[in-house]
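A short write-up of the structure that comes next.
The values are calculated or read from the model by the stated rules, or taken from the named source; none is laboratory data. Predicted, not measured: the structure shown is a model, and the values here were computed from it. Neighbour counts are summed over all protein chains in view; Cβ atoms, including those assigned to glycine, are modelled from backbone coordinates with ideal geometry.
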Amino acid sequence: MKKGQTFKNLNTCKPLIGAHMSIAGGVHTAIQRGMSIGCKTIQIFTKNNTQWNCSPLTYEEIVKFKKLAKKTKISPIIAHSAYLINLSAQDEKMLIRSHYSLIDELKRCELLGIKCLIIHPGYHGGIGISEGIKRVAESIDSAYEKFEEINVSIALETTAGQGTSIGYRFEHIREIIDKTFFSQKILTCIDTAHIFEAGYDITSEEKYRKTIDEFDSIVGLNRLAVIHINDSKTPLNSRIDRHEHIGKGMIGTEAFSFIMNDRRLFNIPKILETPKGQDLKEDIENLNTLKNLYQLVFTS
């Protein structure tokens, strides 16, 4: 943004918001679904997120996806890795399987022209956070060592801290970054429900600013690639991951107005991962809620 540029209303400056979209019927259909409800950005899985094995992307699928992405101008399109991947696994077979699945996901993103893949750091299963963090960093390095030319960044997502999960403290994310040789390729993703469930309060303006400032000082807003914008069914510090519609959960509407009107986060894509049906009615309602909260006026 140029110095002195001022945005005064939604007609001249629209928020970069969207939702996770299904790829049922082919990866390109996610773009069609996003376009149908006015998404400016979307998130997708590049394959079935509950299965290890999947068919390779066909040339026709790749071409159709890229053409539609260019035509609709939905950007950026973000990918989320399969939930099965656990890069901090205690079990060696699971760790190896997760490692090769990560490589496959990076390759699929590269083929589709997707620049960012979000991953959960995983569950250490009892070996401890330090050892789990070490395994995450080693898995990331191993994947990039095989494909150094790959033009896809990994975004580490903050977690709720359920069970033995890693990533519920900003320090965990920082430590993974510091331990990776390819740290320049590592970005981050804040999930609003997860950080709240992990104990970071964002329900008042003062608490919100304290949390974001803490993230900035520990991880760095320069590494923030995506915000998963979700309310929470469970209370502060519950350590239980349950998403709720915007303003209908324990976080509440006001917190999302802070996010939508924080000039530091204006260019960060904000993606809904809230419950929905096939008609996407809930996504439309949540997107409208966020748009109505957006009253940002930029001044120099």
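Assorted remarks:
- Restricted to helices (runs of 4 or more DSSP H) entirely inside segment 199-300, those with at least 2 residues that are of a type outside the set (Val, Ile, Thr) and in contact with a strand residue (DSSP E or B) (Cβ under 6 Å, 6 or more places away or on another chain) are 281-293.
- Residue match in segment 77-96 (condition: surrounded by 15 or more Cβ atoms within 10 Å (Cβ to Cβ), over 16 Å from residue 155 (Cβ atoms) and in contact (Cβ under 8 Å) with a residue 60 or more places away in the chain): yes
- Residue list for segment 154-187, restricted to those being of a type in the set (Lys, Arg) and in a helix (DSSP H, G or I): 174, 179, 185
- Of all residues in segment 161-169, one or more are farther than 21 Å from residue 270 by Cα, in contact with a strand residue (DSSP E or B) (Cβ under 9 Å, 6 or more places away or on another chain) and among the β-branched types (Val, Ile, Thr).
- Residue, nearest to residue 285 (Cα to Cα), within segment 43-63, restricted to residues that are crowded, with 16+ Cβ neighbours inside 10 Å and out of contact with any Ser or Thr (no Cβ under 9 Å at 6 or more places or on another chain): 43
- Test: residue 130 is out of contact with any strand residue (DSSP E or B) (no Cβ under 8 Å at 6 or more places or on another chain) and over 29 Å from residue 196 (Cβ atoms): no
- Selection status of residue 167, within 27 Å of residue 30 (Cβ to Cβ), in contact (Cβ under 8 Å) with a residue 12 or more places away in the chain and buried (at least 22 other Cβ atoms within 10 Å of the Cβ): yes
- When residue 263 is tested against (1) at pLDDT 95 or above; (2) farther than 24 Å from residue 123 by Cβ, exactly one condition is not met: (1).
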